[in-house]
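> One structure, as structure tokens, below. Some questions next.
Nothing in this text is a laboratory measurement; each read-out follows from the coordinates by a stated rule. Since we're looking at a predicted model, the values are computed, not measured. Neighbour counts run over all protein chains shown; Cβ positions are idealised from the backbone, glycine included.
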Amino acid sequence: MQSTTRLQINTRKNNTIRFAQNSGRGRRHKGEKLIEIVLLLCAALFILVIFLITIFIFAKGLPLLIKIGPGNFLFETEWSPTRGVFGIGSMFMGSIMITLGSMLWAVPLGLSTAVFMAEIAPARIGQVLGNLINLLAGIPSVVYGFIGLIVVVPFIRDYFGGNGLSLLAGIIILGIMILPTIINVSRDSILAVPNEYKEGSLAMGATHYQTIARVIVPAARSGIITAIVLGMGRAIGETMAVVMVTGNSAIIPGSVLEPVRTMTSNIVLEMGYASGDHQTALFATGMVLFIFIVCLNLMINLMARGGINSGRS
């Protein structure tokens, strides 16, 4: 009799525990479903915003692009809105020149710094440098422009000639601004390389620096390329600092000491008073920038997939 009673009590306890567990699982399942719905709505909202921005830019800029022709708009070097001449060739070349010039010195310096932080420096020093790089990334662009206007421009004027407001000043300031992006992404890519690669290279007799040059950096190639492309996207889209130090003349500079105007600078300087075809031309310029940034993002995705496939093979 007592054994039967104990069996019934144990059965009731087990049923109660199972009911509580099932109830807890049901609540967790509902909570997870709610989180999934919220995240899905956020993603859908983000996609909708991007879609609306794309439609707005193309609706505003495409009519003028069709009116004067894409070739004339992109390659004509004369920009004279008062006479109805809209050619962004000089500003397109200015954007390319200042971007490539800044990448020319920022990429080697950024990659070297990333390798030093990830593989050579002690952990504490690497952490301190990482915090400083993050601080550098958080400085507003107008502050960089102010420093360039007070320090870089007078230095160029005194030691190289010209008035200082030049392509060279933009290259220096823009290179400093894109360094945090290149360093952070490259360092993360290097740190993501499996330790087995390094250990295997050292076990085969290679030195630490040979391992870095021939094993670690090639293994992190896709991430490093992504860092370079992201830095290029940041450089070509920068506005305020470039406006302050480049002189903003709509010409193709013959040397690095001559002034230059970029596409983003042109939009910022003239959007406040533009109207009619002039305003439409500025939207068309933004459309060109938008297409360029989209192409860069597609390039990043293709490179990332290539890196994954090569790693699997």
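> Kindly write out, for region 93-109 in residue order, the coupling ³J(HN,Hα) from the Karplus curve 6.51 cos²θ - 1.76 cosθ + 1.60 (θ = phi - 60°), rounded to whole Hz, with x marking Gly and Pro.
Those phi angles translate into 5, x, 5, 5, 5, 6, 5, 5, x, 5, 5, 4, 9, 6, 5, x, 5 Hz.
> At 7 Å along the Cα-to-beta-carbon direction for both residue 74 and residue 142, put a label point, then send me their distance in nm to one decimal.
Result for the modelled spin labels: 3.5 nm.
> OK, next. Let me check I've understood the local charge: for residue 227, count other residues with C-beta under 12 angstrom from its C-beta, Lys and Arg +1, Asp and Glu -1. What total comes out?
It works out to a net charge of +2.
> Give me the percent relative contact order of the chain, please, defined on Cα pairs under 8 angstrom at least 6 residues apart.
24
> Spelling out what I want: for every residue of region 231-248, take phi, set θ = phi - 60°, compute 6.51 cos²θ - 1.76 cosθ + 1.60 (Karplus), and round to whole Hz; glycine and proline get x.
Listing the rounded values in order: x, 5, x, 5, 5, 6, x, 6, 10, 4, 5, 5, 4, 7, 10, 9, x, 6 Hz.
> Okay, moving on. List 217, 152, 294 from most exposed to least, where exposure is judged by having the fewest other Cβ atoms within 10 Å.
294, 217, 152
> Taking H as built 1.01 Å from N, whose amide H comes closer than 5 Å to the amide H of residue 79, not counting residues under 5 places away?
Long-range HN contacts for residue 79: 87.
> Rounded to the nearest 20 debye, what is the charge dipole size of region 77-312 about its Cα centre when +1 sits on each Lys and Arg Cβ and -1 on each Asp and Glu Cβ?
So the dipole magnitude of region 77-312 works out to roughly 420 debye.
> Here is a follow-up. How big is the shadow of the Cα convex hull of region 77-312, averaged over all directions, in nm²?
14.9
> For a quick check, take a GNM of the chain with Cα springs below 10 Å and name the residue from 82, 211, 262 with the largest mean-square fluctuation.
82
> Residue 86: net charge of surrounding residues, Cβ under 15 Å, Lys/Arg +1, Asp/Glu -1, itself excluded?
Net charge in that neighbourhood comes out at 0.
> Here's a follow-up. Using a Gaussian network model on the chain with a 10 Å cutoff between Cα atoms, which of 203, 235, 281 fluctuates the most?
203
> Then there is this: Give me the number: length gained by fully extending residue 132 to residue 56, i.e. 0.36 nm times residue separation minus the C-alpha to C-alpha distance, one decimal in nm.
23.5 nm
> Grab the DSSP H runs of the chain that are 4 residues or longer, score each as -39,500 (n - 2.57), total them, divide by all residues and round the 222 nm result to the nearest 500 deg cm²/dmol. Write down the numbers at each step before the final one.
Numbers: 13 runs with 234 residues, N = 313.
Value at 222 nm, helices only, nearest 500: -25500 deg cm²/dmol.
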